[in-house]
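The values are calculated or read from the model by the stated rules, or taken from the named source; none is laboratory data. Because the structure is predicted, anything quoted here is derived from the model rather than measured. As a convention, Cβ positions derive from the backbone with ideal geometry for all residues, glycine included, and neighbour counts pool all protein chains shown.
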Amino acid sequence: MSDKLSFEKIFIRSTEECVRRLGLETDYKIESDFETINGIDCALTFNKSEFRLGAKNLNRNLKNQRYIYQRFCYGFCELFLIFGDNAGYLIERGMKTFKMNHSEEYAYSGTISELKPLAFDNEAKYFFRCIFGFPSTLEANLISYFIISLFETESVRHAGGLLKILVKGIR
């Protein structure tokens, strides 16, 4: 009879590299079909549990009047791309929240719920940390809600924490 535990082997280097690149760069340029934001500079930051994007100005030389773009949050709430020196990201669903406040450093800002690296390999398996907003009374009892597995990465064994989920048909 063997007392050895079975650890599932997973490879997370590609995910770690993606997160590392995000931390290196904050200044980006937007590419969009909306002339209001196409080509403008923006900043991307990660604050605890969300990505925030901010821009100081909109484009000034427009073919159409700005009010035409208001219902689309000037283009921020639609698909757009951001490019830095080392990486580019697709913001497929636009900003999740958007606000305009000209008295703040970034007059146009909001949160992003989905950020996809342009160099993303759909065939590779990526592992991400998920943040669940449970009330503090449930935090001690999470084991009651999720069945987690033992796993090991290239360098470390973990006694738990692997939660397998199915996303859009990909395991």
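Worth a mention:
- Under the condition of being of a type outside the set (A, V, I, L, M, F, W, C), closer than 19 Å to Lys116 by Cα and modelled with pLDDT of 75 or more, the residues counted in the stretch 1-38 number 9.
- Whichever residue in the stretch 55-75 is surrounded by 18 or more Cβ atoms within 10 Å (Cβ to Cβ) and more than 13 Å from Glu35 (Cβ to Cβ) and, among such residues, is farthest from the chain's Cα centre (by Cα): Cys73
- Condition met for Tyr126 (surrounded by 14 or more Cβ atoms within 10 Å (Cβ to Cβ), at pLDDT below 85 and under 15 Å from the mean Cα position of the chain (by Cα)): yes
- Out of Phe120, Phe46, sole residue that is part of a loop (DSSP other than H, G, I, E, B), of a type outside the set (Ser, Thr, Tyr), modelled with pLDDT under 85 and out of contact with any Phe, Trp or Tyr (no Cβ under 6 Å at 6 or more places or on another chain): Phe120
- Taken over the stretch 30-43, the residue count meeting the criterion of being of a type in the set (D, E, K, R) and not in a strand (DSSP E or B) is 2.
- Some residue of the stretch 59-67 being part of a helix (DSSP H, G or I) and either in contact (Cβ under 8 Å) with a residue 24 or more places away in the chain or of a type outside the set (S, T, N, Q) (or both): yes
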